[in-house]
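The values are calculated or read from the model by the stated rules, or taken from the named source; none is laboratory data. Note that the coordinates shown come from a computational prediction; the quantities given were computed from them, not determined experimentally. Note that each Cβ is placed from the backbone with ideal geometry, even for glycine, and that neighbours are counted across all protein chains shown. Note: accessible area is taken over every heavy atom of the protein model, side chains too, but ligands, DNA and RNA are not part of it. Shrake-Rupley method; radii C 1.70, N 1.55, O 1.52, S 1.80 Å.
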Amino acid sequence: MKKVKYSKVKKVQPNFFEYTGIHLTDPIEMQLFVYNDAGYEEYKKVSLDRIQKEIADENQVDDVKWLNVHGLHDVELIKQIGTMLAIEPFIISDILNVARRSKMEELDHVLFFSIKSILPGEDSNHVHVEQISFLLKDNLLVSFQEKKSDFFTHIRERIKTHSGIVRKKRNDYLLYLLLDSVMENFYVTIEFYEDVIESLLTESKSSADPNVLVQIEKNREDLNFLKRSILPLRDTLFNLKSEHDDADYDGIERANYNFFARLHQKSLEILEQIEYDMNTLDSSSSFYFSSQSQRMNEIMKILTVVSVFFMPLTFIVGIYGMNFDVMPELRNPYGYFIVLGVMFLLLVAMVVYFKKKKWF
């Protein structure tokens, strides 16, 4: 299966800014939402100067601001965003280096969060892997996506229509919604693989095609890839949930820690489902080998029975194939038919005996 692998991390020096992904052609777009309980404003294809103006506007100091960046290949632009927000250089490096595992960093009242989004492709030969990073600072939330996608469309609609409590909450609740939306992609991907696994389980019981075993091993590798993607996320969410007892950190309201605890629980559920699916693949593989072994045993049983049937007949033929002069049956005009009859009766007796013993 063709997929983006981040197990082999590209060597990038600390504070060295280089985009390590594959999305290099799509134009970078930035979208800004500014909202509160009373209303919202949306700015599409917004410039960096306009973003800075909105952030510095004293009349909007209590409003929640969500900046969504589509595209990371313009390194200078990402660096300028980091400079504008006074973000540590190594955080900017982690945003650009999409080969790294999911992580969380909390320093100087800035929360950095990165997560892998995985979705099945149009066919079963590949999956889409994208790193999405978040910066939480004051009333601002910045999300960085490698390419334009519709992961957060429903959240934008909730903001526009004042659906739910999103416009009554701070940006930490918005972060929860965005993370939850990305984690839903894992459920979609797992459901996709479960359909494939169910088909392989059925084939392993009925097909002798060696390609079944190849597909089982490929899907096992893919599930391992999903597991490696969700494990650091589970640890990161656990660490974020543990910040509840940190009196010095106020980036997340204490009332909202329960939402992040739900995300941690979701990560555990995803891991459990992946483990279950991997065990199912192991069962399919074992069943395939058992089925092949059973087929081989049946073939060997048939060949053995046939060999046993012909063994005494071959013995008789061997005796009468000797060229001795003194052999009584040679002179008997019915000798040939007598020997054939004896061979036939012997064969019938053996078949009846084997049937009674249930040897075949």
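Highest mean first, the peptides 337-343, 73-79 sorted by other C-beta atoms within 10 Å per residue fall in the order 73-79, 337-343. For the pair Val339 and Val75 in one chain, pulling the backbone fully straight at 0.36 nm per residue adds 85.6 nm over the alpha carbon distance. A cut-off under 14 angstrom between Cβ atoms defines the neighbours of Phe360, and their net charge, with Lys, Arg +1 and Asp, Glu -1, is +4.
Using C-alpha pairs under 8 Å with a sequence gap of at least 6, the mean separation divided by the residue count of region 88-165 gives a relative contact order of 19 percent.
Entry comment: accessible area of the chain is 55 Å² per residue, from protein heavy atoms only and a probe of 1.4 Å. Of the complete DSSP H runs in the chain, those spanning 30 angstrom or more by Cα along the long axis with a mean Kyte-Doolittle score not below 1.0 are 335-357.
For a Förster distance of 51 Å, can you work out the FRET efficiency between the beta-carbons of Ile319 and Ala208, rounded to the nearest 0.05? Given R0 = 51 Å and the Cβ-Cβ separation, E is 0.75.
Based on Cα contacts under 8 Å between residues 6+ apart, the chain shows a relative contact order of 15 percent. Taken about its Cα centre, the chain carries a charge dipole of about 1880 debye when Lys and Arg each add +1 at the Cβ and Asp and Glu each add -1 at the Cβ.
Taking all C-alpha pairs of the chain, those more than 36 Å from each other amount to 44 percent.
Projected label points at Phe238 and Lys103, each 7 Å from Cα along the beta carbon direction, are separated by 1.8 nanometres. Between the alpha-carbon centres of region 163-185 and region 104-162 there is a gap of 11 Å.
In region 35-165, if the dipole is taken from +1 on Lys/Arg beta carbons and -1 on Asp/Glu beta carbons about the Cα centre, which of Ile159, Ser102, Val64 is farthest to the positive end? Toward the positive end, the furthest listed residue is Ser102. Take the Cα radius of gyration of region 77-230 and divide it by 2.2 N^0.38 Å, N being the number of residues; the result is 1.29. Farthest toward the positive end of the dipole of the chain, out of Gly121, Val182, Ile319, is the Cα of Ile319, where the dipole comes from beta carbon charges about the Cα centre. Calculated over region 137-201, the projected area of the Cα convex hull averaged across directions stands at 6.0 nm². Helical content of the chain, expressed as a calculated mean residue ellipticity at 222 nm, amounts to -19000 deg cm²/dmol (DSSP H runs of 4 or more residues, -39,500 (n - 2.57) each, divided by residue number, nearest 500). For the chain, carbon and sulfur atoms together expose 56% of the accessible surface, with a 1.4 angstrom probe and every protein chain in place.
Each Lys or Arg adds one and each Asp or Glu takes one away; over the other residues whose Cβ falls under 12 Å from the Cβ of Asp282, this sums to -2. Mean sequence separation of contacting Cα pairs (under 8 Å, at least six apart), scaled by the length of region 133-282, corresponds to a relative contact order of 27 percent.
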